[in-house]
Amino acid sequence: MPIMHVYYPQGALDAQRKHALGQKLTDVLITMEGGAGTHAGRAFATVMLAEISADNWFVGGHLDSTFVAKAGKFLVYVTIPEGYMNAAHKTEVHAWVNSAILEVTGYASEPDAGASVLVVINEVPEGNWGASGKTIGLGSIAQSVGLPKDGDRFRWIESYFAAKQRGLRMAGYPEDMGGLISIPQ
């Protein structure tokens, strides 16, 4: 259930480039989900583009491009379920998002053109996602998008939450506090 919020200066992208960026970033989201190009996987993949007025975005204390790399100012928040990505997966996402923006803006071959493309990955704690008026967890999301439970990715997810559960128990947290994965059968 990844979501991307993409902020950029007003007028930096025309309608054609906005559409292309939305498509490319949706492809990144699908790849992030382990290639879950299923109907449910695509239904979870949300990209929101938001223009920011040029007189509201300072970099280095300036409104102009004094400290901005060639591709321009972009701030991308990627929201994912907690425990869905290890460090290597997060690094891939940073690279994929940067690459998509550089391609759409025409700076893919320029060195350091993406230095002002900032990508922040936010993890939503297990039990804090909801859809259809119900709490949904990573186990049910994985099942919905077709992530195989016998694959390396899901084994990593299970080991992450098993370690978290051990840590919470050792620290004396109540068993019903939530934040632990439940795996639908």
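The values are calculated or read from the model by the stated rules, or taken from the named source; none is laboratory data. Computed from a predicted model, the values in this text were never measured in an experiment. All Cβ positions, glycine included, derive from the backbone under ideal geometry; neighbour counts span all protein chains shown.
Tell me yes or no: at least one residue of segment 161-177 is within 18 Å of the chain's Cα centre (by Cα) and either at pLDDT 85 or above or farther than 30 Å from TYR8 by Cα (or both). Give the derivation first.
The initial filter retains those residues of segment 161-177 that are within 18 Å of the chain's Cα centre (by Cα), namely none.
No, segment 161-177 contains no residue that is within 18 Å of the chain's Cα centre (by Cα) and either at pLDDT 85 or above or farther than 30 Å from TYR8 by Cα (or both).
Can you tell me which residues in segment 111-147 are more than 28 Å from TYR7 (Cα to Cα) and touching a residue at least 60 places away in the same chain (Cβ under 8 Å)?
SER144, GLY146, LEU147
Would you pick out the residues in segment 133-160 that are surrounded by 15 or more Cβ atoms within 10 Å (Cβ to Cβ), of a type in the set (Ser, Thr, Tyr) and either over 20 Å from the mean Cα position of the chain (by Cα) or within 21 Å of THR38 (Cα to Cα) (or both)?
Residues satisfying the conditions are SER140, SER144.
Please find, within segment 107-128, the residue that is surrounded by the most Cβ atoms within 10 Å (Cβ to Cβ) out of those that are touching a helix residue (DSSP H, G or I) at 6+ places or on another chain (Cβ under 7 Å) and more than 11 Å from ALA71 (Cα to Cα). Before the answer, list the steps.
First pass over segment 107-128, keeping only residues touching a helix residue (DSSP H, G or I) at 6+ places or on another chain (Cβ under 7 Å): 108, 113-114, 117, 119, 121, 126.
The next check asks that each one be more than 11 Å from ALA71 (Cα to Cα); those that pass are 119, 121, 126.
On the way: VAL119: 20, ILE121: 19, GLU126: 22.
For segment 107-128, the residue satisfying everything is GLU126.
Just one of PHE67, PHE58, PHE44 is under 14 Å from the mean Cα position of the chain (by Cα) and of a type in the set (Phe, Trp, Tyr); which is it? Give the steps one after another, and end with the answer.
Numbers: PHE67 fails: under 14 Å from the mean Cα position of the chain (by Cα); PHE58 fails: under 14 Å from the mean Cα position of the chain (by Cα).
Selected residue: PHE44, the only one of PHE67, PHE58, PHE44 that is under 14 Å from the mean Cα position of the chain (by Cα) and of a type in the set (Phe, Trp, Tyr).
Could you please tell me which pairs satisfy a Cβ distance under 7 Å, a separation of 6+ or placement on different chains, a first residue in segment 51-74 that is over 13 Å from GLY11 (Cβ atoms) and without any contact (Cβ under 8 Å) to a residue 40 or more places away in the chain, and a second residue that is surrounded by fewer than 14 Cβ atoms within 10 Å (Cβ to Cβ) and acidic (Asp, Glu)?
LEU63/ASP55
Touching a strand residue (DSSP E or B) at 6+ places or on another chain (Cβ under 8 Å) and either surrounded by 15 or more Cβ atoms within 10 Å (Cβ to Cβ) or acidic (Asp, Glu) (or both): which single residue out of TRP96, TRP57 fits that description?
On the way: TRP96 fails: touching a strand residue (DSSP E or B) at 6+ places or on another chain (Cβ under 8 Å).
None of the other options fit; the residue is TRP57.
Please go through segment 122-169 and pick out each residue that is in contact with an Asp or Glu (Cβ under 8 Å, 6 or more places away or on another chain) and among the hydrophobic types (A, V, I, L, M, F, W, C).
Residues satisfying the conditions are VAL124, LEU138, VAL145, LEU147, PHE161.
Can you tell me which residues in segment 144-167 are among the small types (Gly, Ala, Ser) and either closer than 13 Å to GLU82 by Cβ or in a loop (DSSP other than H, G, I, E, B) (or both)? Quick ask: steps written out before the conclusion?
Here is the first cut: in segment 144-167, the residues among the small types (Gly, Ala, Ser) are 144, 146, 151, 159, 162-163, 167.
GLY146, GLY151, ALA163 - these are the residues of segment 144-167 that are among the small types (Gly, Ala, Ser) and either closer than 13 Å to GLU82 by Cβ or in a loop (DSSP other than H, G, I, E, B) (or both).
Out of VAL124, VAL120, which single residue is of a type in the set (A, V, I, L, M), within 22 Å of ILE30 (Cβ to Cβ) and touching a Pro at 6+ places or on another chain (Cβ under 8 Å)? Even if it seems obvious, please write down each step before you answer.
Working: VAL120 fails: touching a Pro at 6+ places or on another chain (Cβ under 8 Å).
After ruling out the rest, the residue left standing is VAL124.
Only residues that are in contact with a strand residue (DSSP E or B) (Cβ under 8 Å, 6 or more places away or on another chain), assigned to a loop (DSSP other than H, G, I, E, B), within 23 Å of ARG17 (Cα to Cα) and not β-branched (Val, Ile, Thr): list them for segment 66-89, please. Spell out the reasoning first.
So in segment 66-89, the residues in contact with a strand residue (DSSP E or B) (Cβ under 8 Å, 6 or more places away or on another chain) come out as 66-69, 71-85.
Remaining after also requiring assigned to a loop (DSSP other than H, G, I, E, B): 66-69, 71-73, 82-85.
Filter once more, so that each one left must be within 23 Å of ARG17 (Cα to Cα): 68-69, 71-73.
Once the filter is applied, which keeps residues that are in contact with a strand residue (DSSP E or B) (Cβ under 8 Å, 6 or more places away or on another chain), assigned to a loop (DSSP other than H, G, I, E, B), within 23 Å of ARG17 (Cα to Cα) and not β-branched (Val, Ile, Thr), segment 66-89 yields ALA69, ALA71, GLY72, LYS73.
If a residue must be exposed (fewer than 13 other Cβ atoms within 10 Å of the Cβ) and outside any loop (DSSP other than H, G, I, E, B), how many such residues does segment 39-54 contain?
Filtering segment 39-54 for residues exposed (fewer than 13 other Cβ atoms within 10 Å of the Cβ) gives 39, 43, 48, 50, 53.
Now narrow it down to the ones that are outside any loop (DSSP other than H, G, I, E, B): 39, 43, 48, 50.
So the count comes out to 4.
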